[in-house]
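Q: There's a structure below that I have some questions on.
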Amino acid sequence: MSESIIFTRGNRVYGRFYDLVLPSGQYKKLSLCSIKERNKYSAKGSPSQRDRFLNRLYEDRLEKELQKKSSAASADSIQKLIQDFIDKKDPDITVRGQLYYWMRELPKIKAQDVKPYDIVQVKEKLMDRVGPASVNRYLSAISKVYTVCVEEWFILEQNPVRIVPKLEEPKGRTRFLSNEERLRLLAECRKSSNPDLYLVVMLALSTGGREGEIWGLKWNDVDLKNGSVIFRDTKNGDTRRISFDGPALTEFRNKIRRIDTELVFPGKWDKNKPRSFRKPFEQAVQAAGLADFTFHDLRHTFASYMAMDGATLREIADALGHRTLNMVMRYSHLTEEHSSKVVKGMNQRMLA
């Protein structure tokens with residue numbers, strides 16, 4: 001602690017508590033002792049002893065104030081802490097939706113009173129609605145809230161989600177659109193009552209962006225001149241730029257930009273929140289007669305088309321934003337088929 005945070009005013013000695021910032025942004029000032037007490041102690045000892053005395057008083061007061069702050073925050077309901085996390089951390093639209101689900105389903109009790117059993121109860125409800133991988137993503141979302149409360153905000157002592165076992169996930173899907181299915185789906189998207197659905201689906205097919213990345217796209221991250229988009233705050237925390245062309249770029253250039261929001265696809269009721277395309281997309285999928293097809297499968301389709309066009313696994317991983325090749329090994333058979341055709345063609349042309 002530097003001496004500069006100790007100061008006097010009137011007949012009191014104060015400490016400036018940098019760890020206790022008020023909502024106004026000012027540092028909290030708390031009384032440590034009276035001038036008389038300080039002088040009495042100083043008269044008995046050296047300046048260094050006086051400084052240790054003041055430092056000890058400062059640390060004692062700081063600990064008490066932090067305990068008061070922690071006690072007040074830990075008395076908040078889990079719903080309030082989830083909302084605080086959303087407001088301060090601004091997670092992507094997918095995680096935000098998962099957290100709102102937890103807000104509805106968890107009992108309205110203090111965050112510190114939520115037990116692993118409460119988490120398991122919600123987990124079992126989720127298992128009736130979504131697959132194992134999605135259940136695990138929901139668990140990860142609420143676990144992140146508790147982790148921040150424990151390790152960053154210091155308002156809770158433990159994370160009850162950590163001891164709740166996650167489900168075993170099946171091997172990654174490789175569902176992608178055939179040419180005929182793609183044409184049927186795009187035709188239905190064109191006919192959708194949502195005017196942006198066609199562009200959103202074309203962007204997913206052209207860039208491989210995730211649901212939250214595309215729905216939350218901002219105009220500052222779009223380069224219509226050169227044909228590229230920047231996806232920020234992605235699932236793995238990286239930022240990536242990807243180029244696109246063709247019908248998606250043409251459609252994008254024809255889109256009218258709203259001047260009252262930075263979002264490309266603002267919400268219907270709140271212009272500052274991304275719009276959800278889940279319902280119109282599901283309607284288009286049903287109308288197109290597609291079986292077992294989700295919005296995320298557009299990302300698989302993008303990767304599969306890259307593989308069939310001759311891209312390497314490393315190129316596919318870079319385009320999808322994966323740091324390792326593990327997640328793209330599911331497309332290896334497509335790259336192998338392409339390589340086999342290339343080698344056979346070379347044999348026939350050059351070695352016949």
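Q: Looking at GLU168, GLU157 in this structure, which one is touching a residue at least 24 places away in the same chain (Cβ under 8 Å), assigned to a loop (DSSP other than H, G, I, E, B), within 22 Å of ASN326 (Cβ to Cβ) and open to solvent by 50 Å² or more (accessible area, probe 1.4 Å)? I'd like the intermediate steps shown before the answer.
A: Values: GLU157 fails: within 22 Å of ASN326 (Cβ to Cβ).
Going through GLU168, GLU157 in turn, the sole match is GLU168.
Q: Specify the residue that is farthest from TYR138 (Cα to Cα); the eligible residues are those in the stretch 69-79 that are at pLDDT below 90 and assigned to a helix (DSSP H, G or I). It would help to see each step written out before you state the result.
A: Let us first name the residues in the stretch 69-79 that are at pLDDT below 90, namely 69-77.
Next, from what is left, pick out any that are assigned to a helix (DSSP H, G or I): 69-74.
Values: LYS69: 29, SER70: 26, SER71: 28, ALA72: 27, ALA73: 24, SER74: 23 Å.
Out of the qualifying residues, it is LYS69.
Q: Filter the stretch 74-111 down to the residues that are of a type in the set (Asp, Glu) and out of contact with any Lys or Arg (no Cβ under 9 Å at 6 or more places or on another chain) and list them by number. Give the steps one after another, and end with the answer.
A: Applying the first criterion (of a type in the set (Asp, Glu)) to the stretch 74-111 yields 76, 84, 87, 90, 92, 105.
Residues satisfying the conditions are ASP84, ASP87.
Q: Quick one: is PHE277 surrounded by 15 or more Cβ atoms within 10 Å (Cβ to Cβ), in contact with a helix residue (DSSP H, G or I) (Cβ under 6 Å, 6 or more places away or on another chain) and touching a residue at least 40 places away in the same chain (Cβ under 8 Å)? Before you say what the answer is, go through the steps one by one.
A: Details: surrounded by 15 or more Cβ atoms within 10 Å (Cβ to Cβ): yes; in contact with a helix residue (DSSP H, G or I) (Cβ under 6 Å, 6 or more places away or on another chain): yes; touching a residue at least 40 places away in the same chain (Cβ under 8 Å): yes.
For PHE277, the condition - surrounded by 15 or more Cβ atoms within 10 Å (Cβ to Cβ), in contact with a helix residue (DSSP H, G or I) (Cβ under 6 Å, 6 or more places away or on another chain) and touching a residue at least 40 places away in the same chain (Cβ under 8 Å) - is met.
Q: Being surrounded by 11 or more Cβ atoms within 10 Å (Cβ to Cβ), within 31 Å of the chain's Cα centre (by Cα) and at pLDDT 80 or above is true for just one of ALA287, ALA307. Which residue is that?
A: Numbers: ALA287 fails: within 31 Å of the chain's Cα centre (by Cα).
Exactly one of ALA287, ALA307 is surrounded by 11 or more Cβ atoms within 10 Å (Cβ to Cβ), within 31 Å of the chain's Cα centre (by Cα) and at pLDDT 80 or above, namely ALA307.
Q: Still on this structure, I have one more. Going by what's in this entry, would ARG299 be described as in a helix (DSSP H, G or I), surrounded by fewer than 21 Cβ atoms within 10 Å (Cβ to Cβ) and not β-branched (Val, Ile, Thr)?
A: Taking the combined requirement at face value, the residue does not satisfy it.
Q: Provide a single number: the residues in the stretch 112-129 that are outside any helix (DSSP H, G or I) and surrounded by 14 or more Cβ atoms within 10 Å (Cβ to Cβ).
A: Restricting attention to the stretch 112-129, the residues satisfying the condition of being outside any helix (DSSP H, G or I) are 114-115, 128-129.
Cutting the leftovers down to surrounded by 14 or more Cβ atoms within 10 Å (Cβ to Cβ) gives us 114.
Residues in the stretch 112-129 being outside any helix (DSSP H, G or I) and surrounded by 14 or more Cβ atoms within 10 Å (Cβ to Cβ): 1 in total.
Q: Further question: With respect to the numbered conditions (1) closer than 20 Å to SER304 by Cβ; (2) at pLDDT 90 or above; (3) among the basic types (Lys, Arg), which one is the sole condition not fulfilled by ARG173?
A: (2)
Q: Right, next: Does the stretch 87-94 contain at least one residue that is part of a loop (DSSP other than H, G, I, E, B), farther than 21 Å from GLU152 by Cα and modelled with pLDDT under 90?
A: Applying the first criterion (part of a loop (DSSP other than H, G, I, E, B)) to the stretch 87-94 yields 90-92.
Then keep just the ones that are farther than 21 Å from GLU152 by Cα; that gives none.
For the stretch 87-94, residues part of a loop (DSSP other than H, G, I, E, B), farther than 21 Å from GLU152 by Cα and modelled with pLDDT under 90: absent.
Q: Further question on the same structure: Got a sec? Which helices (runs of 4 or more DSSP H) wholly within the stretch 174-260 have at least 1 residues that are free of Cβ contacts under 8 Å to residues at least 40 places away in the same chain and open to solvent by 50 Å² or more (accessible area, probe 1.4 Å)?
A: Helices (runs of 4 or more DSSP H) meeting the threshold: 179-191, 247-253.
Q: Are any residues in the stretch 95-111 assigned to a helix (DSSP H, G or I) and open to solvent by 90 Å² or more (accessible area, probe 1.4 Å), and if so, which ones?
A: Step one: of the stretch 95-111, the residues assigned to a helix (DSSP H, G or I) are 95-105, 111.
ARG104, the sole residue that qualifies.
The values are calculated or read from the model by the stated rules, or taken from the named source; none is laboratory data. What you see is a predicted model, and the numbers here were worked out from it, not measured in a lab. Cβ coordinates were reconstructed from backbone atoms using ideal geometry, including for glycine residues, and neighbour counts include every protein chain displayed. Calculation scope for accessible area: heavy atoms of the full protein, side chains included, ligands and nucleic acids excluded. Shrake-Rupley method; radii C 1.70, N 1.55, O 1.52, S 1.80 Å.
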